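J.: First, the structure itself, so that you have it in front of you.
Since every read-out is calculated from the coordinates, none of them should be taken as a lab result. Remember, it's a predicted structure, so these values are computed and weren't measured experimentally. Please note: Cβ atoms are built from the backbone with ideal geometry, for glycine as well, and neighbour counts cover all protein chains shown.
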Amino acid sequence: MKINETVKEVYLNAFNKGLWDDKDEKQRERFNFYMWLQSEVTEAAIEGIGLNEEKEKEELADIFIMICSKFGREGWDLEKAVRVKMDLNKTRPYKHGKDKLN
């Protein structure tokens, strides 16, 4: 399945389950999305620290699903956004020019 096909499927499911409310004020909807996304990132980090690989993968999949849902909601092209970002990252210096932590 292509990424943008996944985006459409994920968004439609999220919309049908009431996760996107057309009555929501746009600014509040965006804030809620990013807070929800942050909670999923936190859950993935906790599972990763606890070395629960299956739960960590599940939480990372949730993050991907949420991102697909957002792109579907906005009508954005995720494949293009990923390609543009990957091309930009290729131009960056090693470790983005930051010194090693060690």
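J.: Calculate one ³J(HN,Hα) per residue across the stretch 61-71 by plugging θ = phi - 60° into the Karplus curve 6.51 cos²θ - 1.76 cosθ + 1.60, and present them in order as whole Hz with x for glycine and proline.
T.: 5, 4, 4, 4, 4, 4, 5, 4, 4, 5, 4
J.: I'd like to know which of Phe71, Asn13, Pro93 lies farthest towards the positive end of the charge dipole of the chain, counting +1 on Cβ of Lys and Arg and -1 on Cβ of Asp and Glu.
T.: Pro93
J.: Something else about it: Got a sec? How would Thr91, Thr42, Thr6 order by Cβ neighbour count within 10 Å, fewest to most? Let's see the in-between values first.
T.: On the way: Thr91 6, Thr42 11, Thr6 17.
By the 10 Å Cβ count, ascending, the order reads Thr91, Thr42, Thr6.
J.: Also, quick follow-up: Using helices alone, I'd like the mean residue ellipticity at 222 nm for the chain: each DSSP H run of four-plus residues gives -39500 (n - 2.57), total over residue count, nearest 500. Display every interim value, and only then the final one.
T.: Values: 4 runs with 73 residues, N = 102.
Rounded to the nearest 500, the figure is -24500 deg cm²/dmol.
J.: Once phi is turned into θ = phi - 60°, what whole-Hz ³J(HN,Hα) does the Karplus curve with 6.51, -1.76 and 1.60 give for every residue of the stretch 72-85, x standing for Gly and Pro?
T.: Residue by residue, the stretch 72-85 yields x, 4, 8, x, 8, 9, 5, 4, 5, 4, 5, 5, 4, 5 Hz.
J.: Also: Counting other C-beta atoms within 10 Å, and keeping those with at most 13, which DSSP coil GluC sites (Glu not before Pro) do you find in the stretch 22-102?
T.: On the way: sites: Glu25, Glu29, Glu40, Glu43, Glu47, Glu53, Glu54, Glu56, Glu58, Glu59, Glu74, Glu79; in loops: Glu25.
Here the GluC sites (Glu not before Pro) that fit, given the DSSP loop and packing criteria, are Glu25.
J.: Rounded to the nearest whole Å³, what is the per residue volume of the convex hull around the Cα atoms of the stretch 3-97? Present the calculation step by step, with values, prior to reporting the outcome.
T.: Working: hull volume 12.6 nm³, N = 95.
Dividing the Cα hull volume of the stretch 3-97 by its residues yields 133 Å³.
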